[in-house]
Amino acid sequence: MSEATSMDPRERIARRVARELRDGFYVNLGIGLPTMVANYIPPGMEVVLQSENGMLGVGPYPLAGTEDADLINAGKETITEIPGCCYFSSADSFGMIRGGHVDLTVLGALEVDVQGNLANWAIPGKMLKGMGGAMDLVAGAKRVIIAMEHATKDKKPKIFNKCTLPLTGVGVVNLIVTELAVIEVTPGGLVLHEAAIGVTPADVQKLTEPVLKIAPEFRPMTV
């Protein structure tokens, strides 16, 4: 078994998403799995992470024993700072998001569909904690990447022809990264660009409701 296939699925997703970052980007990482991307920013690349609770310049997770309870992200997890970081009000934070100053946001999802619609904040019948900043982020960020496990625990698809849950945004998703695949959302449908080592396009299709188009440059997913 290769290092890639033996890797924790969430780590594999975070590592692959980190490869989509570019020097000079201002990036917002959503609560949960997306926050792991901060640990895998390529060496030498300058990426400024923004947290909607009012911080610019988020660093990797702190090492055990070095946590500062006053430094937290929007998910209430302890974080670190990079040199030059700054703090500001939530109003200023959302002014940055709504003003189109975030190059990329990485979010988790409950459902994504073939049109790039996203559902990630509400499950009917379950307690609602609120939508957080996701609706603002998908409307204001220049690019939206979904980082999620490909299927539910009982192997049901999370990528649909049409979302069934309340939507966070309509036609907002650009790229879906899972532990199995990298899928681009295009006007002509979903395009499979990469599959994890040892995973075939047919394997990915079995866990995906829409019919996937295979990219001409289809290749193994490397992390």
Task: Filter result (farther than 24 Å from residue 28 by Cα and either modelled with pLDDT under 95 or not β-branched (Val, Ile, Thr) (or both)) within the range 164-189 - done: 187, 188, 189
Open item on the list: I want to confirm something. Restricting to the range 1-25 and keeping residues that are open to solvent by less than 40 Å² (accessible area, probe 1.4 Å), at pLDDT 95 or above and part of a loop (DSSP other than H, G, I, E, B), which single residue is farthest from residue 87 (Cα to Cα)?
Closed with: 20
Task: Residues of the range 43-53 that turn out to be touching a helix residue (DSSP H, G or I) at 6+ places or on another chain (Cβ under 7 Å) and at pLDDT below 95, as a count - done: 2
Task: Some residue of the range 123-133 being under 24 Å from residue 186 (Cβ atoms) and either part of a helix (DSSP H, G or I) or open to solvent by less than 60 Å² (accessible area, probe 1.4 Å) (or both) - done: no
Task: Those residues of the range 167-193 which are among the charged types (D, E, K, R) and touching a helix residue (DSSP H, G or I) at 6+ places or on another chain (Cβ under 8 Å), in sequence order - done: 179
TODO: Would you tally the residues in the range 157-179 being open to solvent by less than 30 Å² (accessible area, probe 1.4 Å), within 17 Å of the chain's Cα centre (by Cα) and hydrophobic (A, V, I, L, M, F, W, C)?
DONE: 6
- [ ] Give the range 26-46 a look and list any residue that's in a loop (DSSP other than H, G, I, E, B), open to solvent by 10 Å² or more (accessible area, probe 1.4 Å) and within 21 Å of residue 89 (Cα to Cα), or say none.
- [x] 31
- [ ] Taking the residues in the range 197-217 that are loosely packed, with under 11 Cβ neighbours inside 10 Å and among the hydrophobic types (A, V, I, L, M, F, W, C) as candidates, determine which candidate is farthest from the chain's Cα centre (by Cα).
- [x] 202
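The values are calculated or read from the model by the stated rules, or taken from the named source; none is laboratory data. Only a predicted model underlies this, so the values are computations on that prediction, with no experimental measurement involved. Heads up, the Cβs are rebuilt from the backbone with ideal geometry, glycines too, and the neighbour counts pull from every protein chain shown. Just the protein is used for accessible areas: all its heavy atoms, side chains included, with ligands, DNA and RNA removed. Shrake-Rupley method; radii C 1.70, N 1.55, O 1.52, S 1.80 Å.
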